[in-house]
Amino acid sequence: MQEIEIPSMNPERFRSVLSPQRFEEFERGAREAHELLEGHVVWNINSTARGGGVVELLRPLIAYARGAGVDARWLVIDGTPEFFTVTKRIHNHLHGAPGDGGVLDDVARAVYERTLADDLADVEGRVHEGDVVIVHDPQPAGLIGPLKAAGATVIWRCHVGIEHPNDVARAAWAFLRPYILPADAYVFSREAFAWDGLDRDRIAVIQPSIDPLAPKNQDLAPDVVVAVLRTSGVLAGESSTPVLFRRQDGTPGRVERRAQMVEDAPVPGNVPLVLQVSRWDALKDPLGVIRGFAEHVPADTRAHLVYAGPNVGAVADDPEGLRLLHESIALRAQLPPEQRARIHLASLPMEDADENAIIVNALQRHAGIVAQKSLAEGFGLTVSEAMWKGRPVVASRVGGIEEQLVHRETGILLDDPHDLAAFGAAIAGLLTDPQEAARMGARARERVRDRFLSVRNLLDYLGLIERLTGRPPAGHGASPIGARAGA
């Protein structure tokens, strides 16, 4: 098991993006958190330190909690390829999808339990009575019972979900439920995601959030955006000077690594850009994004598509990524030359998390439209990221995306994520009406400021921990099931 070192960040930084009233509320909550948790550790346990929305959430939340005087730490479990094959299967099944076609049987359970047993001794040697442990998603869920037995307060945080579960999803719930039940609380991103068979009094709703000051979301001047994309090989041309940026901890960083591009020629700098940033994952539907753009976004819009995902070799807990990347490359290669020339596949470097984040930031700011055509989605933080940058988003009406976007106000929601013609028509419509696209983008940014910044997430968790440890909430915190989380 690996402990990820996260330097503290001073929450005072939020003063520049929050109203005085909201910042005062946050300062009060930070003082309460320090008093409540003094002498104890808040542990977060998940399965990877690279790639995916959980990592995007954890880094700033832990850093700001530490800056507020809370001893917050992060552990990543070890796992074999066999283990991650099983947990990817669980992930797909929780979304109602068959995944690799395998089953969650006694063999899968043995693989799951055997791997977590190897991690358990390490965890038990670190976690002490009175600590708080937030266990993220299915991969480490088997640690919940032993951590409870050790005297910790344990929260299970489920970042995935489905509004209308089928038999596949319910079978995954049944597989996981024995490991989940001992937790003091079960946190979901939406009320509709909460499982049957859990104690309703232990269920809370906390919507994810973004850090507006992180490398992925910090303001970038237009010339810096172009320089980042040229240096990383995404945009045609070369940058004449080194490209520097501010890291998460405030120190300077430099863009040096290049994306692995699959394309006929680099993206021209003077064309409208449509972007989707997602893992190479069937549930993100890269094949549908490619086909929908190629077949239904007219060439006379001059638009190009970039589908940008992580370098698959750097994401340990996603064994399907390489297969989906190869399928995407093969689909693109089969397209007619005129369509193929407008489609670019980017595998972004992952060696330096902040460098990766600044490249994504620049891509989102350079794009005129951002897509998130997922077939299923726990929440979809890339939507809030794009909205924060003032970009209209065309996305599927699935999962937490529906919580973020307001149809025809901050973007366009697609009722049927499989309808490629509707996807293409929505993009084409915004490309031909830039004024409406700009109005949507401006409203999108304000919606994120009001609802989806890290400050609100920190206060939600504090309220939940206060409730679990016996202290009354101070007017904020995670909502019990049936009520919305704080906005």
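The values are calculated or read from the model by the stated rules, or taken from the named source; none is laboratory data. All figures in this text were calculated on a predicted structure; none of them were measured in a lab. Cβ coordinates were reconstructed from backbone atoms using ideal geometry, including for glycine residues, and neighbour counts include every protein chain displayed. The protein model used for the area step is the full one, side chains on, heavy atoms only, and it has no ligands, DNA or RNA in it. Shrake-Rupley method; radii C 1.70, N 1.55, O 1.52, S 1.80 Å.
Results, tabulated for the structure shown:
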{"read-out": "Efficiency of FRET between THR469 and ASP196 - r from beta-carbon atoms, R0 35 angstrom, step 0.05", "value": "0.80"}
{"read-out": "Projected label distance in nm at GLU24 and GLU82, using a 7 Å step from Cα toward the beta-carbon", "value": "6.0"}
{"read-out": "Label-reachable residues, segment 329-353, where backbone N falls under 12 Å from a point 7 Å from ALA236's Cα toward its Cβ", "value": "342"}
{"read-out": "Gain in span if fully extended, ARG254 to ALA330, counting 0.36 nm per residue against the direct Cα distance", "value": "24.0 nm"}
{"read-out": "Rounded tilt (10° steps) of 286-296 against the dominant C-alpha axis of the chain", "value": "30"}
{"read-out": "Over 29 Å between alpha carbons, listed pairs LYS148/LYS284; LYS284/LYS389; LYS88/LYS148; LYS216/LYS284", "value": "LYS148/LYS284"}
{"read-out": "Percent of Cα pairs exceeding the 16 Å cut-off, where the set is segment 256-355", "value": "54"}
{"read-out": "Surface share of carbon and sulfur [accessible, 1.4 angstrom probe, percent] for the chain", "value": "50"}
{"read-out": "Solution diffusion estimate, µm²/s, Stokes-Einstein, segment 272-321, Kirkwood Rh from C-alpha pairs, 4 °C, viscosity 1.567 mPa s", "value": "108"}
{"read-out": "The chain: Cα Rg divided by the 2.2 N^0.38 Å rule of thumb", "value": "0.94"}
{"read-out": "Computed helical MRE - 222 nm, the chain, DSSP H runs ≥ 4 contributing -39500 (n - 2.57), nearest 500", "value": "-12500 deg cm²/dmol"}
{"read-out": "Cα pair distances exceeding 28 angstrom across segment 99-254, given as percent", "value": "46"}
{"read-out": "Placed amide H near VAL243: partners under 5 Å, 5+ positions off or other chain", "value": "VAL255"}
{"read-out": "R0 of 60 Å, Cβ-Cβ distance VAL262-LEU36: FRET efficiency to nearest 0.05", "value": "0.75"}
{"read-out": "Total formal charge among the other residues, if their Cβ is under 13 angstrom from that of LEU414, Lys/Arg +1 and Asp/Glu -1", "value": "-3"}
{"read-out": "Alpha-carbon centroid distance for the pair segment 329-399 / segment 191-246, whole angstrom", "value": "11"}
{"read-out": "Pairs of alpha carbons in segment 392-434 whose separation is greater than 17 Å (percent)", "value": "25"}
{"read-out": "Added length on full extension, which subtracts the Cα-Cα distance from 0.36 nm per residue, ARG397 to ASP300", "value": "32.1 nm"}
{"read-out": "Rounded tilt (10° steps) of 167-180 against the dominant C-alpha axis of the chain", "value": "40"}
{"read-out": "Probe 1.4 Å, accessible area per residue of the chain, Å²", "value": "38"}
{"read-out": "Neighbourhood charge, 9 Å Cβ-Cβ cut-off, centred on GLY400 and excluding it, Lys, Arg +1 and Asp, Glu -1", "value": "-2"}
{"read-out": "Cα-based helix-to-principal-axis angle, 106-124 vs the chain, degrees rounded to 10", "value": "70"}
{"read-out": "Linear extension gain, ALA150 paired with ARG109, 0.36 nm per residue minus alpha-carbon span", "value": "12.4 nm"}
{"read-out": "Spacing of the two label points (7 Å from each Cα toward its C-beta) at ALA121 and ARG449, in nm", "value": "5.4"}
{"read-out": "Hypothetical label at ARG323: residues of segment 410-426 whose amide nitrogen lies under 12 Å (7 Å Cα-Cβ projection)", "value": "none"}
{"read-out": "Radius 11 Å from Cβ of GLY69, net charge of other residues (Lys, Arg +1; Asp, Glu -1)", "value": "-2"}
{"read-out": "Cα-based Rg of segment 406-460 normalised by 2.2 N^0.38 Å, two decimals", "value": "1.40"}
